[in-house]
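J.: Questions regarding the structure given below will be posed in turn.
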Amino acid sequence: MKIRHIEIADAERFRNLMLQVEAESDFMLYEAGERDISIERQKSMIKSIQAQENAAIFLADFDGDLAGYLIAVGGKAKRTKHSAYLVIGINADFRGNGIGSKLFQALEAWAQEKGIHRLELTVVTQNEAALGLYKKAGFEVEGTKRDSLLIDGDYVNEYYMAKLL
């Protein structure tokens with residue numbers, strides 16, 4: 001397995017991975033089938049991320065099969081350029097194999113190189129596997145977003161989590 005930066009040529013496979021992860025998880029922002037991302041829109045998003053000094057997309061690549069991703073989007077304002085908001089997704093068939101940890105290691109090395117000081121994310125409070133991964137990677141809970149999401153008719157809370165580098 002190789003952790004690498006995304007390329008424009010990955011657009012269709014990345015799109016498919018994102019849609020698959022959303023279909024497999026009850027904890028992603030978008031529900032299965034909720035959004036339809038065209039390949040052109042995906043390419044545009046990748047180009048936009050690549051053009052930003054403080055943004056990146058990392059892929060876990062198994063000989064051409066994408067197993068996971070980690071998106072880091074840096075702040076646009078001068079006062080927030082030192083921080084990046086994260087979104088991670090791992091194909092259910094590959095979870096529990098250290099992919100998340102490897103994605104975070106690559107992210108942290110990149111963030112330090114780019115002068116990013118703060119990494120932040122949100123996670124559904126019931127998502128114990130993700131909470132374990134984030135805590136293992138050094139993230140700490142900073143607060144709770146109450147009734148943040150509506151999942152299967154129930155309001156659920158999310159934790160704000162961050163790691164300072």
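The values are calculated or read from the model by the stated rules, or taken from the named source; none is laboratory data. Here the structure is a predicted model, which is why all the values come from computation and not from measurement. For neighbour counting, all protein chains shown are included, and Cβ atoms are generated from backbone atoms with ideal geometry for every residue, glycine included. The area values use the complete protein model at the heavy-atom level, side chains included, leaving out ligands, DNA and RNA. Shrake-Rupley method; radii C 1.70, N 1.55, O 1.52, S 1.80 Å.
Per-residue answers, yes or no, for (1) among the hydrophobic types (A, V, I, L, M, F, W, C); (2) farther than 23 Å from Leu17 by Cα:
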| position | (1), (2) |
| --- | --- |
| Ala60 | yes, no |
| Asn97 | no, no |
| Leu107 | yes, no |
| Ala111 | yes, yes |
| Val123 | yes, no |
| Glu128 | no, no |
| Glu142 | no, yes |
| Arg146 | no, yes |
| Leu150 | yes, yes |
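J.: While we're on this one: Could you please let me know if Lys47 is open to solvent by 90 Å² or more (accessible area, probe 1.4 Å), part of a loop (DSSP other than H, G, I, E, B) and farther than 24 Å from Val123 by Cα?
T.: no
J.: Another question, if that's okay. Please find, within the stretch 148-165, the residue that is modelled with the lowest pLDDT out of those that are open to solvent by 90 Å² or more (accessible area, probe 1.4 Å) and more than 25 Å from Gln112 (Cα to Cα).
T.: For the stretch 148-165, the residue satisfying everything is Asp152.
J.: Same structure again: Anything in the stretch 144-165 that is touching a strand residue (DSSP E or B) at 6+ places or on another chain (Cβ under 7 Å) and on the phi > 0 side of the Ramachandran plot? List them, or say none.
T.: Within the stretch 144-165, just Asp147 meets the criteria.
J.: Within the stretch 127-147, count every residue that is open to solvent by 100 Å² or more (accessible area, probe 1.4 Å), farther than 19 Å from Ser101 by Cα and touching a residue at least 12 places away in the same chain (Cβ under 8 Å).
T.: Here the count works out to 1.
J.: Could you check the stretch 1-39 and list, in sequence order, the residues that are open to solvent by 70 Å² or more (accessible area, probe 1.4 Å), in contact (Cβ under 8 Å) with a residue 40 or more places away in the chain and of a type in the set (A, V, I, L, M, F, W, C)?
T.: Passing the criteria: Met1, Phe27, Leu29.
J.: Filter the strands (runs of 3 or more DSSP E) completely within the stretch 52-123 down to those with at least 3 residues that are touching a strand residue (DSSP E or B) at 6+ places or on another chain (Cβ under 8 Å), surrounded by fewer than 17 Cβ atoms within 10 Å (Cβ to Cβ) and touching a residue at least 60 places away in the same chain (Cβ under 8 Å).
T.: It comes to none.
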